[in-house]
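Readers should treat all values here as calculations from the given coordinates under stated rules, not as data from a laboratory. Given the structure is predicted, the values throughout are model-derived calculations rather than measurements. Backbone-built Cβ (ideal geometry, glycine too); neighbour counts: all protein chains shown.
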Amino acid sequence: MDLGLAGWRVLVTGATSGIGYAIAEELIAEGARVACVGYRPDSQAPAGAEALLRADLSDPDQQQGVVDDAVTALGGLDALISNAGQGIDGTVENADERLWRWGMELDLHSGVRIARAALPHLRERTGRILFVTALSASEPRENHIVSNAAKAGTEAVAKSLSREVGPEGILVNCIAPGRVKSNQTKKRFADDAARDAYAAANIPLQRFGEASELAPFAALLISPRNGYVTGQRLVVDGGMSKAL
Ligand SMILES: NC(=O)c1ccc[n+]([C@@H]2O[C@H](COP(=O)([O-])OP(=O)(O)OC[C@H]3O[C@@H](n4cnc5c(N)ncnc54)[C@H](OP(=O)(O)O)[C@@H]3O)[C@@H](O)[C@H]2O)c1
């Protein structure tokens, strides 16, 4: 299926690893022009990306700048994929104020501010916004309170925003991974055997997903082939979700 993404100008945050990297790669393969945002000085964007921007998106002063720089690099913006984030451990009792502030900046506020900064550009064409959230937004993970709250907050923002900008033809959705192999998930297990044992016990498809298995759905949701799905969340989790 041709998604009609050739020439589309897309900003992808967290595009130097894992899910964001795979999404950027997919978009480039579809002919989109992609500006990637990474964090570590040595992380890499996929081949064919038009720009690699560096920012610490937990810093409010660096959030607007990635949109400005992407617009300069691409000459405008047709879609935004807000994906940067880190899994943050902690409970209500032991997550301290610093962790809350940092986690909410990175995982909730940065997405809001980047979307707000992108909107004037997205209005020039009927743009698209996709937030990468998490299954834990609806089925909270243990010892993950900051991430659970930030992702649930992001899904609430996406729903509200979809209603605000729907009349202008701008579509806003979320894609919610369950467990996908990435740097983030690698840190959580001693080795592949421990990860696979967890998958066997918790995921009906018995394995973690590959980022490349999520990417085509992200591309479809921000593409012009999606004309009528907005304010929704697509869960990509190998059947892990227990809710109806
Ligand atoms: N993997 C999963 O199972 C899973 C499940 C649920 C939700 N998610 C969500 O999916 C998104 C992508 O995660 P992933 O699993 O692909 O993780 P990942 O492989 O660790 O990639 C994270 C990306 O975010 C960037 N990033 C991290 N901290 C940043 C900061 N302070 N400022 C700017 N960019 C920063 C990283 O940049 P560098 O490469 O330069 O460090 C990288 O590009 C996250 O929002 C995560 O919460 C993932």
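Would you list the helices (runs of 4 or more DSSP H) that sit entirely within the range 93-209 and hold 3 or more residues that are under 20 Å from the mean Cα position of the chain (by Cα)?
Of the helices (runs of 4 or more DSSP H) lying wholly inside the range 93-209, those with at least 3 residues that are under 20 Å from the mean Cα position of the chain (by Cα) span 97-104, 110-122, 145-165, 183-186.
Report yes if some residue within the range 229-244 is over 24 Å from residue 100 (Cβ atoms), buried (at least 17 other Cβ atoms within 10 Å of the Cβ) and free of Cβ contacts under 8 Å to residues at least 60 places away in the same chain; otherwise report no.
No, that holds for no residue.
Looking only at the range 25-49, how many residues end up being among the β-branched types (Val, Ile, Thr) and part of a helix (DSSP H, G or I)?
1
Check residue 86 against each of (1) within 14 Å of the ligand (Cβ to nearest atom); (2) within 21 Å of residue 164 (Cα to Cα); (3) within 15 Å of the chain's Cα centre (by Cα) and name the one condition it does not meet.
Here residue 86 meets the rest and fails (2).
Which ones in the range 31-44 are more than 15 Å from the chain's Cα centre (by Cα) and either closer than 17 Å to residue 130 by Cα or crowded, with 20+ Cβ neighbours inside 10 Å (or both)?
Scanning the range 31-44 gives 32, 33.
From 182, 212, grab the single residue that is closer than 21 Å to residue 111 by Cα, within 16 Å of the ligand (Cβ to nearest atom) and small (Gly, Ala, Ser).
Just a single option satisfies the conditions, and that option is 182.
Run down 52, 80 and say which single residue is touching a strand residue (DSSP E or B) at 6+ places or on another chain (Cβ under 7 Å), assigned to a strand (DSSP E or B) and farther than 18 Å from residue 121 by Cβ.
Result of the check over 52, 80: 52.
Taking the range 154-206 only, how many residues are hydrophobic (A, V, I, L, M, F, W, C) and farther than 23 Å from residue 18 by Cα?
7
For the range 142-167, how many residues meet the condition of being loosely packed, with under 15 Cβ neighbours inside 10 Å and within 17 Å of residue 179 (Cα to Cα)?
Residues flagged as loosely packed, with under 15 Cβ neighbours inside 10 Å and within 17 Å of residue 179 (Cα to Cα) within the range 142-167 amount to 2.
I'd like to verify a number: residues in the range 188-206 that are without any contact (Cβ under 8 Å) to a residue 60 or more places away in the chain and under 26 Å from residue 154 (Cβ atoms), how many?
Looking only at that region, the number is 8.
Can you give me the number of residues within the range 37-59 that are near the ligand (Cβ under 6 Å from one of its atoms), over 18 Å from residue 101 (Cα atoms) and among the polar types (S, T, N, Q)?
Number satisfying all stated conditions: 1.
Is it the case, given these coordinates, that residue 34 is more than 8 Å from the ligand (Cβ to nearest atom), β-branched (Val, Ile, Thr), in contact with a strand residue (DSSP E or B) (Cβ under 6 Å, 6 or more places away or on another chain) and closer than 15 Å to residue 112 by Cβ?
Judged against the criteria, residue 34 is not a match.
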